[in-house]
Amino acid sequence: MSRIGKLPVAIPAGVEVNVEGSTVTVKGPQGTLSRTMNSNMLIKIEDNAVVVERPNDNKENRSLHGLTRTLIANMVEGVNKGYSKELEINGIGYRAAMTGNALELNIGFSHKVIMEQPEGIKIEVPNPNKIVISGPDKQKVGQFAAEVREKRPPEPYKGKGIKYADEHIRRKEGKAGKGGK
């Protein structure tokens, strides 16, 4: 039995979970999320908690059991509290700004990099070298943060680029000079 899959997902106050066949819809203060799960998984609401069961012990069903439970747990937490990722910009002249619904990045190119704000995601720029991406959908928040970071990943020599706030960059030593002159 899956250790993660057999744990029930508690439904906090203010969150409403609706299961119709294999589609799970979760409503809460942060918004509404809906996802169609694999039809093999049996999803039920019992005692103010969501319970995921598998029909048998096939390899595929064992794999999907824990995944389905985790996806539902992420949806419940997302509509209740939300998710956020912080990015830091390091480098002289590197900065970010919000222009309407677009994130504008000056990151050492001859042009500004402009990224449109996806639906369901909120972008904040508290200061020119910090970006906060937040929203109820964990996958969308992480994907957009990865796309922003991809525009100028941190390099190991000077540490210039866009990195996650909790990320540690392994620094390398520069080119060793020749002895003498």
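Values computed for the structure shown
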| read-out | value |
| --- | --- |
| Residue match in the range 27-45 (condition: surrounded by fewer than 18 Cβ atoms within 10 Å (Cβ to Cβ) and aliphatic (A, V, I, L, M)) | yes |
| Selection status of N56, over 30 Å from R152 (Cα atoms), at pLDDT below 95 and part of a loop (DSSP other than H, G, I, E, B) | yes |
| When residues of the range 60-90 are limited to those that are β-branched (V, I, T) and out of contact with any Pro (no Cβ under 9 Å at 6 or more places or on another chain), the one surrounded by the most Cβ atoms within 10 Å (Cβ to Cβ) | T68 |
| Of all residues making up the range 130-171, the number that are farther than 23 Å from G82 by Cα and polar (S, T, N, Q) | 0 |
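Results for (1) at negative phi; (2) in contact with a helix residue (DSSP H, G or I) (Cβ under 9 Å, 6 or more places away or on another chain), shown as yes or no for each residue.
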{"position": "V15", "(1), (2)": "yes, yes"}
{"position": "S22", "(1), (2)": "yes, no"}
{"position": "G28", "(1), (2)": "yes, yes"}
{"position": "G31", "(1), (2)": "no, yes"}
{"position": "S39", "(1), (2)": "yes, no"}
{"position": "N48", "(1), (2)": "no, no"}
{"position": "N58", "(1), (2)": "yes, no"}
{"position": "H65", "(1), (2)": "yes, no"}
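The values are calculated or read from the model by the stated rules, or taken from the named source; none is laboratory data. The structure displayed is predicted, hence computed values, not measured ones. In this analysis, Cβ positions are derived from the backbone assuming ideal geometry, glycine residues included, and neighbour counts consider all displayed protein chains.
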